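The values are calculated or read from the model by the stated rules, or taken from the named source; none is laboratory data. Bear in mind the structure is a predicted one, so any value in this text is a computation, not a measurement. Cβ atoms come from the backbone with ideal geometry, glycine included; neighbour counts cover every protein chain shown.
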Amino acid sequence: MRHERCPPRRNCASPPPSAGPRCTTPPAGCPTGRGRCLDTWPAGIVGRVQRLSRTLERELRQFDTTRHGLKAGEFDVLTTLRRSGPPYRMTAGAFLKASMITSGAVTRRIDRMEVRGLVERVCPQGGDRRSVQIQLTEKGKQEAGALFPQHLENEVRMLSALGREESDELARLLRKLLESHGDTSLT
């Protein structure tokens, strides 16, 4: 409930504090402001990112991988390896970092997909299992090749409100934010 002496607060969608606050300081008698400026620009950005994340997740789930006999997590394995480029192989550590799931979940997915002939584990020369690599098989390449273009078309549709320059700028800014929070994955 707003205190009667408080003026309506602006919802500041201003730049970070380093550029200086853009909201007015509430009067000293305002109990909610306690005499300091409440610049709410972060809430606007974080809230929009959260809503966008939920929306994109929902739209990605609607992309039907089951007609190819794949669960969503298995499709993620195929596309992660496909994005890595020829020879479509990654170390387990790099794959884990790029997929953003637990090592146990990666192991279970790879086990299931290996049984189905979609991926294989490749040991480097000398047989050191600590540096095992995960690689798409020919069958996995065919599945990824059939699904990946459709998946990309879906993502293009999801981002169609942005032009190419805006998309590039958004990707750069999101990468910068992720890196500032310790995410240095390949994606």
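Just one of the listed residues (167, 131) is free of Cβ contacts under 8 Å to residues at least 60 places away in the same chain and farther than 24 Å from residue 57 by Cβ, and it is 131. Among residues that are among the aliphatic types (A, V, I, L, M), modelled with pLDDT under 95, closer than 21 Å to residue 90 by Cβ and surrounded by fewer than 13 Cβ atoms within 10 Å (Cβ to Cβ), residue 152 is included.
Selection of the range 46-89 for residues being of a type in the set (A, V, I, L, M), surrounded by 13 or more Cβ atoms within 10 Å (Cβ to Cβ) and modelled with pLDDT of 85 or more yields 56, 77, 78, 81. Only one entry in 170, 162 is over 21 Å from residue 109 (Cβ atoms), at pLDDT 95 or above and not in a helix (DSSP H, G or I), namely 162. Applying the condition of being farther than 18 Å from residue 84 by Cβ and acidic (Asp, Glu) to the range 109-149 and asking which residue is modelled with the highest pLDDT yields 111. Taking the range 99-124 as the range and being part of a helix (DSSP H, G or I) and crowded, with 17+ Cβ neighbours inside 10 Å as the test, the residues that pass are 99, 106, 109, 110, 113. Among the residues of the range 171-187, those identified as free of Cβ contacts under 8 Å to residues at least 24 places away in the same chain and either farther than 25 Å from residue 75 by Cα or surrounded by fewer than 11 Cβ atoms within 10 Å (Cβ to Cβ) (or both) are 172, 173, 176, 177, 179, 180, 181, 182. Residue 93 meets the conditions (1) in a loop (DSSP other than H, G, I, E, B); (2) modelled with pLDDT under 85 in every case but one. The failed one is (1).
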